[in-house]
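No lab work stands behind these numbers, since they all come straight from the coordinates. Just so we're clear, the structure is a prediction, and the values are computed from it rather than from any experiment.
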Amino acid sequence: MYYRLLSFFLILILCSCNQHVQRDSINYTTKVKYKNSGFALIYKNELKKEKKISKKLDNRSLLIFHKDLKKSSFVKITNPSNRKSIIAKVMSNKAKFSDFYNSVITLRIAEELLLDLNEPYIELILIS
């Protein structure tokens, strides 16, 4: 009788234990640190001569001027109309140009993205 009573309590205790297994799940979220869209100024040597821009830029390079981003940072430039994109490097953030434009890009970047040269609308995303 004693063994029956002991086995009953043992089964009762074992069945009443909570066997909750906690599984750790990792949620990855991508954080966009800087995103900007607007019109870009396509660099030409005449802009430097007319003093509309303060620094020179090589038209064959994948370099841009931007006022807010740090020098030597990389950005992804996208043409929103056809979703083509390219990676470029910020050459300087001290170049002076009109506040209407969000950046100064080279002719090579404009041709690679198939931008409308009269209205070069782009999206910029900082790559960290």
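Taken one residue at a time, the phi angles of region 114-128 give Karplus couplings (6.51, -1.76, 1.60, θ = phi - 60°) of 6, 6, 6, 5, 7, 9, x, 8, 9, 10, 10, 10, 6, 9, 10 Hz. Gly and Pro are set to x.
Which entries of LYS44/LYS89; LYS70/LYS96; LYS44/LYS67; LYS33/LYS56; LYS44/LYS94; LYS51/LYS76 have Cα-Cα distances beyond 24 Å here? With Cα atoms farther than 24 Å apart: LYS33/LYS56; LYS51/LYS76. Using Cα-only point scatterers and the Debye equation, what is log10 of I(q)/I(0) for region 47-128 at each q in 0.11, 0.23, 0.25 Å⁻¹, rounded to two decimals? Listed by q, the Debye log ratios stand at -0.26, -1.19, -1.39.
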